[in-house]
Structure formats: C-alpha cells, structure tokens
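The values are calculated or read from the model by the stated rules, or taken from the named source; none is laboratory data. Here the structure is a predicted model, which is why all the values come from computation and not from measurement. Cβ placement follows ideal geometry from the backbone for every residue including glycine, while neighbour counts extend to all protein chains displayed. Ligands, DNA and RNA are stripped out before the accessible areas are found, and what is left, the full protein with its side chains, is counted by its heavy atoms. Shrake-Rupley method; radii C 1.70, N 1.55, O 1.52, S 1.80 Å.
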Amino acid sequence: MENQLGVLNALDAAKTQWYHFTTIVIAGMGFFTDAYDLFSISLITKLLGRIYYFDAHSAKPGTLPPRIAAAVNGVAFCGTLAGQLFFGWLGDKLGRKRVYGLTLMLMVICSIASGLSFGKSPHGVMATLCFFRFWLGFGIGGDYPLSATIMSEYANKKTRGAFIAAVFAMQGFGILTGGIVALIVSAAFDHAYKAHPYNVDREHSTAPQADYIWRIILMFGALPALLTYYWRMKMPETARYTALVARNAKQAAADMSKVLQVDLNAEQEKVDKIGREQFGLFSKEFAKRHGLNLLGTTSTWFLLDIAFYSSNLFQKDIFSAIGWLPKAETMSATKEVYRVAKAQTLIALCGTVPGYWFTVAFIEHLGRFTIQLMGFFFMSVFMFALAIPYQHWKTHNSGFLIMYSLTFFFANFGPNATTFIVPAEIFPARLRSTCHGISAAAGKAGAIVGSFGFLYAAQSTHLDKVDKGYPTGIGVKNALMVLGAVNCLGMLFTLLVPETMGRSLEDITGENEEDNGHQQTFSVEKVPV
C-alpha cells in the first residue's frame, strides 16, 4: 500500500460526507430516467395497438403486429447496447465528466422527440418512434458505465458497494414513477373523455384524444434528466481518472481538495512511477489478469437480463394470461392503460423498489458474491414455483402476485444490483469504464433475447388463443420454466466473480503493485511452461 497516492488514500478513508449524497443523486437521476424511459413503453404498447391497428371487423381490440411490437419493445435495448460500448470506451479515452453531460442531453432530446413521433399513418408513427427510441437508448447506454465508474471512484472503500447500489436503486423509483404517471394521465383522460368498452361500441372505445396519453407518458421522461444536467456539468473529474489515466497529480489533488475540503499534496513523482506497464484490453496480460473476471461479469449480466427484462416488459401479458387483468375487449382504451399501470405499479411497490434498497442496506455486510448467488437461487425457486403449478395460479391471482413480486424482489436484492456494481470495481482505472460498458452491453444482449424471445415464446400453444399475427408459442408456463433454468445458469457463472467488499480499488486491480512487479512479470513470462 506504500505506492498508494495520498489523494486516493484520502478518498478511500473519507467519512461519509455531503458530496457522497450529491453524487448519488446526480448519478442516480440518470438511472431514474433510464428506467422510466426503458420500462414506460410496456405501459403503452396495448394503447398503440388500439389506436393505430384498429380493425372494426375484429372481435378483439387492435394489437401491434408481431414485428412492430418486437421493434417498439426492443429497439431501445439495441441503442442501449451500442451506447454502453461506445460511451464506455469514450469514458476511458476522454474522461468520465466530459462524456457525462452528452449522454444526458441525448436522453432529454430523444425523450421529447419520441412523444412527437411524426405523421398519422401507423407506419410513419412507428418508424419515427423506433428511430428516436434507438437514440434514446444510445444515451441511456452511456449512463451505465459512466455513472457506475464515477460513483465507484468517488466513494470510500467501506461504503462503496452501498453507494453504487444506491445509484442503481434509483432505477426502481423510475419504474414506479412510470406507473404513477401512466395512472394519473390515463385517469385524467378517462374522466374527461368517456369511452365505451370495446365489446359495447368498437368504434368509440378509443377516444381520439387517447393519442395524447402515450405521448405525454414518454415525454415526461425528459424532465428528471433535464433537472440534473447543470449539476453534472459542475462535478469535477474523478481523481482516479485524472491521476492514474490522465496522469495529472496536481489537478487530481486540486479537485479533491475542494471536494474533501482538506489540503492534499500533488505527488507527481508517485504518479510517474505507478502503472507504467500499460497493457491493453486485447493483450495476453489483460486476459491473464482479468479475463475470467470479464467472462464472469458479462455472462451473469447476460443471463440475468434475459429473465429480468422478459418478466418486466411483459407483465401485462402475464397478468392477462392469469386473468388478473380483465379481457381487453371488456375495457375502453384509457381504462386498459389504467389497469396495466395499476398492476405494474403494485409490483414495483411490493417487490421491485424494496429489493434495491435491501441491497443498499446489506451489501457491505453480506458481500457482492453472496447477494448475487442468493438472488439467482431464489429467482430460480420462484420462477419454478410459478411455472410448475401454473394452472393453480389461474384461480389464485393474489398468490401469483405475491410469488411474482418475490421474483422481482430477489432480482433486485440480488444480481440486478450486483452485476452493475462489480464491473465498476474489479478492472483497472484506464479500462474500468470500457469493461463496465462491455459487461452492461452483454446484459442488454440478454434483454434483447428476453424481449424478442419472450414475446413469441409466451404465446399460447393453441392457435385460437394466440395474439393476432403471432405463431403458436410454448405458453407462459413453459416460458417461465425456461427463465428458471436461465437463473440456475446464472448461479453457476457467479462462481467466476470475485468478492470486493471493503478493499481499495487499486488493491483489487493490482494497480499499486504494477511497477513493483514489472520485472517479475517479464521474468515469469520467460519461464517455459
């Protein structure tokens, strides 16, 4: 530890201060917006089908055709995946702070543009909606590696996991707010513009003004991002980037002296000595030191997101399948939005939000590894418990709701939080944002598999019961069985992820010892194996 810079030691040992909480809020509001934007789409897809794909001759309300539904649900994830890779790499090249405002501005502009989708024809509206949601996802993608890296590099070593988890926990409030906004907007429109259920009056079951509902819900996502833009621009660059990557000890000491309100020495000589051996991401040295860790973070995040996003995005379909939501034809369009939002808000309130904060409370006591393993285990248990007696749950809706809430609780008091935290801790400063971006992108690949795959897989095995335009699937029961098996695989790959609780970032990554072991590294490589 004698190689550790004074400025980094000061950050590691700092008591919890006001700047920790402001950093949590500034970084967390990005995640609040991310979750709101990504998950609000599931609240409005049924409404989009009713408005733009209405067929007066059909006994059921209009639904989005399979390809359109898959695109609307999944295109933001494609953008997020690209954004995670690009901005993760850029965060290591240009610095965390310089790229941070750019991602937020992109999210603000594209949230508003999503709600202003042009044209009146179904193809025109859906094409522009998908276009802007791709770029919205691109901005959201950048927020993952940058927020995680900034929080990990600002935090002290005793509470680092809890602080990064608190940033991520804002996702739960974003999902909850999406449901509440949809409840308020749909209730207001339902009160102002009365419409009949579809099976009473097909033509007038969707009020013309209902087109504003989905636009308002999507555009509201710009507000929280806009509110934190100024504060993001005022944040100083992290000392770890400035000292270990930009190699400017004077600037790092000056920035952190203001933040910590103490006098810190520059120690440029130490910066010049530490970490001169700059191995790259695709080098043998990186593969030897961090390859298995990267495999662990990417595989677990990939597997988690297949289950997590499948369950989250298609709650409305699962609720309809078990009879918890009334049949679409017995409701007006605005009433259906209200009922879907009410169901998702209840799930968020009972399972999603508490799970995140349990992680914040216990991560520095139980550790990352234990929480992740436990989360995957209980997600598997509850998925199988939902799937095996599936027919039983059709007549016991409240029991299904409790079990379903528990899967979300253990996703968030489990791998959904830890897969975000660990990649921000176990890789060197100059590759931290890049590796977090790669891990997060693997997660979004899982989300894409989940959102596209579950849409088809959950369709009924009976042709007369499938949604219009879809082939028969394996049914909700078997789809839940598959998700349970995916969680079991997650437990297996968790064994590749190291425990980081209570350790300095430089101790975890070996950056302090790089130069001490410089000669040793070369001599080891020369020894024939």
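Observations on the model:
- Under 5 Å between amide hydrogens, built in the peptide plane, is the criterion, and for GLY473 it picks out GLN459, SER460, THR461 among residues at least 5 positions away or on other chains.
- On the principal axes of its alpha carbon atoms, segment 1-128 extends 77, 28, 24 Å, with the longest extent given first.
- In the chain, Rg over Rh equals 1.01, where Rg is the alpha-carbon radius of gyration and Rh the Kirkwood radius from pairwise Cα distances.
- For segment 252-298 versus segment 334-380, the inter-centroid distance based on Cα atoms is 33 Å.
- P(r), alpha carbons of segment 85-147 - 10 Å bins starting at zero, rounded %: 24, 42, 23, 10, 1
- Segment 348-371 residues near the modelled ALA187 label - backbone nitrogen below 19 Å, point 7 Å along Cα→Cβ: 348-350
- In this simple spin-label approximation, GLU203 and THR22 carry label points 7 Å from Cα along the Cα→Cβ vector, and these lie 6.1 nm apart.
- Charge dipole of segment 178-236 about the Cα centre (unit charges at C-beta), most positive-ward option of MET235, HIS191, LEU218: MET235
- Quotient of Cα Rg and 2.2 N^0.38 Å for segment 175-263, N being how many residues it contains: 2.04
- Reduced Cα scattering model of segment 216-292, Debye log10 I(q)/I(0), q = 0.11, 0.22 Å⁻¹: -0.53, -0.95
- Exposure of LEU38 as accessible area (Å², to 10), given a probe of 1.4 Å and all protein chains: 0
- For segment 211-225, 3J(HN,Hα) per residue [Karplus equation, 6.51 cos²θ - 1.76 cosθ + 1.60, θ = phi - 60°, Hz, x = Gly/Pro]: 4, 6, 4, 5, 5, 5, 4, 5, 6, 4, x, 6, 5, x, 5
- Distance (nanometres) between label positions extended 7 Å along Cα→Cβ at LYS234 and GLN391: 6.3
- To put it simply, the accessible area of the chain at a 1.4 Å probe is 67 percent carbon and sulfur.
- Only protein heavy atoms count here; under a 1.4 Å probe, LYS97 has an accessible surface of about 70 Å².
- Scattering profile of segment 368-506 at q = 0.09, 0.11, 0.12 Å⁻¹ [log10 I(q)/I(0), Debye over alpha-carbon scatterers]: -0.35, -0.51, -0.59
- To the nearest 10, the accessible area of ARG289 is 80 Å² with a 1.4 Å probe.
- Relative to the Cα centre, the charge distribution of the chain, modelled as +1 at Lys and Arg Cβ and -1 at Asp and Glu Cβ, gives a dipole magnitude of about 920 debye.
- Nearest-0.05 FRET efficiency for GLN268 and THR330, computed from C-beta distance (R0 56 Å): 0.20
- Distance between the modelled labels on ILE216 and SER121, one decimal in nanometres: 3.0 nm (7 Å Cα→Cβ projection).
- Relative contact order for the chain, counting Cα pairs under 8 Å that sit 6 or more residues apart, in percent: 24
- Against the compact-protein benchmark of 2.2 N^0.38 Å, the Cα-based radius of gyration of segment 289-383 scales to 1.41.
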